[in-house]
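Okay, so here's the structure we're looking at.
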4 protein chains.
Amino acid sequence: MVIGTADLPESDGPEDRPTPAGNPAWLNDEELHFVRSRVPVLYVEAVPVRVDGLGKVTDVGLLLRSTPEGHLTRAFVSGRVRFGEPVREALFRHLENDLGPMAFPQMPSTLLPAQVAEYFPMPGISQFVDERQHAVSLVYVVPVTGSCNPRQDALEVTWMSPEDALADDMLSQLSGGRGALLRQVLGAVGC
Amino acid sequence: MVIGTADLPESDGPEDRPTPAGNPAWLNDEELHFVRSRVPVLYVEAVPVRVDGLGKVTDVGLLLRSTPEGHLTRAFVSGRVRFGEPVREALFRHLENDLGPMAFPQMPSTLLPAQVAEYFPMPGISQFVDERQHAVSLVYVVPVTGSCNPRQDALEVTWMSPEDALADDMLSQLSGGRGALLRQVLGAVGC
Amino acid sequence: MVIGTADLPESDGPEDRPTPAGNPAWLNDEELHFVRSRVPVLYVEAVPVRVDGLGKVTDVGLLLRSTPEGHLTRAFVSGRVRFGEPVREALFRHLENDLGPMAFPQMPSTLLPAQVAEYFPMPGISQFVDERQHAVSLVYVVPVTGSCNPRQDALEVTWMSPEDALADDMLSQLSGGRGALLRQVLGAVGC
Amino acid sequence: MVIGTADLPESDGPEDRPTPAGNPAWLNDEELHFVRSRVPVLYVEAVPVRVDGLGKVTDVGLLLRSTPEGHLTRAFVSGRVRFGEPVREALFRHLENDLGPMAFPQMPSTLLPAQVAEYFPMPGISQFVDERQHAVSLVYVVPVTGSCNPRQDALEVTWMSPEDALADDMLSQLSGGRGALLRQVLGAVGC
């Protein structure tokens with residue numbers, strides 16, 4: 001599998017670990033390559049936020065990551081939905097994977113996302129680009145109440161005010177066109 | 001103020017307590033009567049739910065009330081938005097008023113409601129009727145994590161499975177046509 | 001009634017025309033003043049858009065208005081919901097009022113708005129300010145398929161690309177903080 | 001490919017027609033079988049409706065189909081999203097495929113669906129079952145303004161009032177648990 005230069009390390013697990021025999025939900029590199037070149041891949045993404053006692057968003061969390069080329073980039077919590085895995089479980093798994101087990105996310109009571117984002121490997125089809133694949137992502141804004149300790153490939157979770165998160169400079173640090181996506185989903189929570 | 005026979009006691013406070021001098025948000029009976037007969041009145045309503053660790057609704061809470069005539073009726077958390085009061089504060093105030101201070105609601109991070117409900121005093125305009133007024137209500141589904149101790153005019157908060165809440169028999173116990181509304185807002189959370 | 005310097009002419013009718021006797025939905029100046037100083041006033045707002053054959057927003061329409069002081073300002077379609085008037089009728093009435101009878105809006109099939117906006121006369125409570133009143137507005141994005149001929153107090157409907165509508169310079173021309181609101185509701189339609 | 005007894009004929013095309021050489025979006029039977037057994041498959045579904053001049057739903061359209069065993073069943077417009085295909089195009093393609101070219105759907109201006117539905121081949125994981133696959137479906141309510149002429153494998157589009165569509169008898173005729181789904185998405189449009 002060739003990883004495009006703008007790509008992030010896989011946060012998803014299956015493909016960078018040995019495939020356990022007999023689990024149909026895990027794909028080896030060849031299988032993943034086939035899937036990514038032939039069907040849209042379902043993702044969940046989450047923007048972690050902190051809220052005040054009335055539910056109003058006070059802080060937005062963005063992952064800071066280093067690309068294989070050493071560039072710093074901002075990212076959402078993100079990952080594939082596996083075969084047989086409910087969307088809620090995938091969302092929780094990726095939140096735990098990216099924010100650590102003490103983040104205590106308030107999982108949404110509805111599956112309706114804040115936005116549906118389409119990523120294409122070829123530019124110009126939508127606002128969002130993923131060189132690896134055609135992905136369709138259900139994007140949620142998820143309040144977290146605990147402390148976040150990102151996995152090794154994320155350097156930190158940076159918390160900032162909604163205003164700072166929406167500044168042009170910050171939006172441009174998000175990969176794959178997710179600056180526009182962050183604007184859209186924060187809009188849904190009145191930011 | 002004449003209360004229609006199907007009406008519930010006011011859960012809202014202002015009108016059944018002495019108006020504090022100088023607070024423009026409180027209306028005396030005459031003022032309330034004027035408002036109710038001349039403009040649509042903005043309400044918030046909430047269906048309290050319990051959710052599992054993944055956010056899925058496991059239980060639905062309905063208030064059990066006794067009408068002035070002694071009929072038992074099911075109700076939502078409900079009440080007016082006051083002058084100068086943000087929607088979030090009104091929602092929190094009515095949740096606390098109807099469920100007690102230990103309910104610990106997870107306030108929504110978005111103002112977008114699960115449904116907008118229109119109540120008219122004259123039948124046939126919408127599904128929903130309120131003999132007292134033309135009201136427009138922002139209806140939310142709100143997870144609560146604590147214990148609920150309803151105010152005196154509500155006999156109890158009855159918790160039931162989504163299936164039981166959606167049974168025809170239960171829906172018909174909700175006043176003002178709110179059976180259809182409960183169906184609609186539980187639909188938004190996948191029930 | 002004193003109109004604040006930043007205020008737009010009323011697009012709503014009742015208050016700048018003689019009140020017809022016996023119609024409870026119309027308020028004279030004194031009644032309107034009372035309502036505006038004592039209860040939140042329910043509004044509908046609409047951002048007219050043009051869409052392509054697949055529903056994607058291609059153009060955003062903003063009203064260009066002149067304030068009483070002669071300043072140019074951008075505005076949404078906007079107006080009060082009257083007593084006894086369903087939200088859909090209010091939305092259609094204001095669309096027709098502000099865009100003319102040949103705009104042919106595609107009315108939304110759901111009452112769920114793209115955003116709920118709160119305006120307060122006192123600054124600092126929310127992002128949005130209305131010196132005249134505490135207003136709560138259901139904001140819709142409404143595709144129009146015909147030609148728009150604004151009423152006399154709007155100079156024109158300016159059509160522009162979503163990118164141009166979201167430019168900082170354009171957002172700052174919207175009154176009452178509606179620049180942030182435009183960003184939020186265009187986010188809901190993927191712009 | 002073994003088709004489960006409760007399954008509907010594919011409305012999607014690729015798999016029951018010869019695969020054109022060189023189009024990565026089309027899957028042959030073996031490839032489709034692989035995909036369906038290893039990753040969640042992205043679908044779009046639509047409930048066609050007729051609306052009045054104010055956008056209110058007046059009629060609901062359900063496809064009447066005959067299963068291979070000769071049972072009559074009710075269905076939504078439904079089908080896969082192909083590799084490289086935007087969600088809007090997939091939705092339009094399936095609407096045209098199932099309703100004919102003269103249906104003139106009013107495509108949604110937002111990608112946000114009325115509901116996200118999860119289908120699993122194994123019962124008990126969600127409300128919805130699809131024996132063929134794990135599918136995740138973005139479900140839209142789509143007003144149509146023209147005349148509907150369903151393809152050969154659908155016997156007709158049956159139009160009925162929202163009340164009739166929501167009757168228990170009708171809901172039970174929908175396959176895969178879509179009775180609950182119809183209730184949920186009609187709830188979003190106030191039915």
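The values are calculated or read from the model by the stated rules, or taken from the named source; none is laboratory data. Keep in mind the model is a prediction, meaning the values are calculated, not measured. When we count neighbours, we look across all protein chains shown, and the Cβ atoms used for this are built from the backbone with ideal geometry, even at glycine. For accessibility, only protein heavy atoms count, side chains too; no ligands or nucleic acids. Shrake-Rupley method; radii C 1.70, N 1.55, O 1.52, S 1.80 Å.
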Which three lengths, in whole Å and largest first, does the stretch A:118-162 cover when its Cα atoms are put on their principal axes?
38, 23, 17
Looking at the axis that maps chain B onto chain A, which chain B residue has the closest Cβ, and how far off is it in Å, rounded to a whole number?
B:Gln106, 3
Taking amide H atoms as placed 1.01 Å from N in the peptide plane, list the residues 5 or more away in sequence, or in a different chain, whose amide H sits under 5 Å from that of C:Leu174.
C:Arg74, C:Gly179
Per-residue ellipticity at 222 nm for chain B, helices alone: DSSP H runs ≥ 4 residues times -39500 (n - 2.57), over residue total, nearest 500 deg cm²/dmol?
-6000 deg cm²/dmol
How far is the Cα center of the stretch A:43-89 from the Cα center of the stretch C:125-191, in Å?
30
Compute the long axis of helix D:29-38 from its Cα atoms, compare it with the longest principal axis of the Cα atoms of chain D, and write down the angle in degrees, 0 to 90, nearest 10.
70
Using only the Cα atoms of the stretch C:23-106, build the gyration tensor, take square roots of its eigenvalues as a ≥ b ≥ c, and label the shape rounded, prolate or oblate: rounded if a/c is under 1.5, else prolate if a/b is larger than b/c, else oblate.
oblate
Could you size up the charge dipole of chain B around its Cα centre, putting +1 on the beta carbon of Lys and Arg and -1 on that of Asp and Glu, and report it in debye to the nearest 20?
420
Long-range HN-HN contacts of A:Val141 with modeled amide H, under 5 Å:
A:Val47, A:Ala114
Given unit charges at Cβ for Lys, Arg (+) and Asp, Glu (-), the dipole magnitude of the protein assembly as shown about its Cα centre in debye, nearest 20, is 0
The orientation-averaged projected area of the Cα convex hull of the protein assembly as shown, in nm², is 32.2
For the pair B and C, how large is the buried accessible area, both sides, in square angstrom to the nearest 100, if the probe is 1.4 Å?
2900
Per residue, how many Å² of accessible area does the stretch D:46-191 show with a 1.4 Å probe?
34
Given a cut-off of under 8 Å on Cα pairs at least six residues apart, what relative contact order in percent is computed for chain A?
26
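Please compute the volume of the convex hull spanned by the alpha-carbon atoms of the stretch A:59-172 and report it per residue in Å³.
129
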Per the C-alpha gyration tensor (a ≥ b ≥ c, the square roots of its eigenvalues), chain B is rounded if a/c is under 1.5, else prolate if a/b beats b/c, else oblate; here it's prolate
Using a label position 7 Å from Cα in the Cα→Cβ direction, what is the ascending list of nm distances from C:Ser161 to the same site in the other copies?
3.2, 4.9, 5.5
Copy-to-copy spacing for C:Glu31, label 7 Å out on the Cα-to-C-beta vector, in nm, shortest first?
1.8, 6.9, 7.1
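What fraction of the DSSP beta bridges in the protein assembly as shown is antiparallel, stated in percent and rounded to the nearest 5?
Here the share of antiparallel DSSP bridges comes out near 65 percent.
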May I ask you to give the percent of accessible area on the stretch C:29-188 that is carbon plus sulfur, with a probe radius of 1.4 Å?
53
Sorted shortest first, the nm distances from the B:Gly70 label point (7 Å along Cα→Cβ) to its counterparts in the other copies are 6.1, 7.4, 8.5
With Cβ to Cβ distances under 14 Å as the rule, what net charge do the other residues near B:Thr58 carry (K, R +1; D, E -1)?
-1
Student exercise, the stretch A:114-191 dipole from Lys, Arg, Asp, Glu Cβ charges, in Debye to nearest 20:
220
Compute the acute angle (0 to 90°) between the alpha-carbon long axis of helix B:87-99 and the principal axis of greatest extent of the alpha-carbon atoms of chain B; round to the nearest 10°.
70
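Within 10 Å of each Cβ in peptide D:49-57, how many partner chain Cβ atoms are there on average? Round it to a whole number, please. Could you put the intermediate results ahead of the total?
Details: counts 1, 1, 4, 2, 4, 10, 12, 8, 2.
Per-residue shielding by partner chains comes out at 5.
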Would you kindly derive the ³J(HN,Hα) couplings of the stretch A:163-177 from the backbone phi angles with the Karplus curve 6.51 cos²θ - 1.76 cosθ + 1.60 (θ = phi - 60°), listing them in order in whole Hz, with x for Gly and Pro?
4, 5, 5, 8, 5, 3, 4, 6, 4, 6, 7, 7, 7, x, x
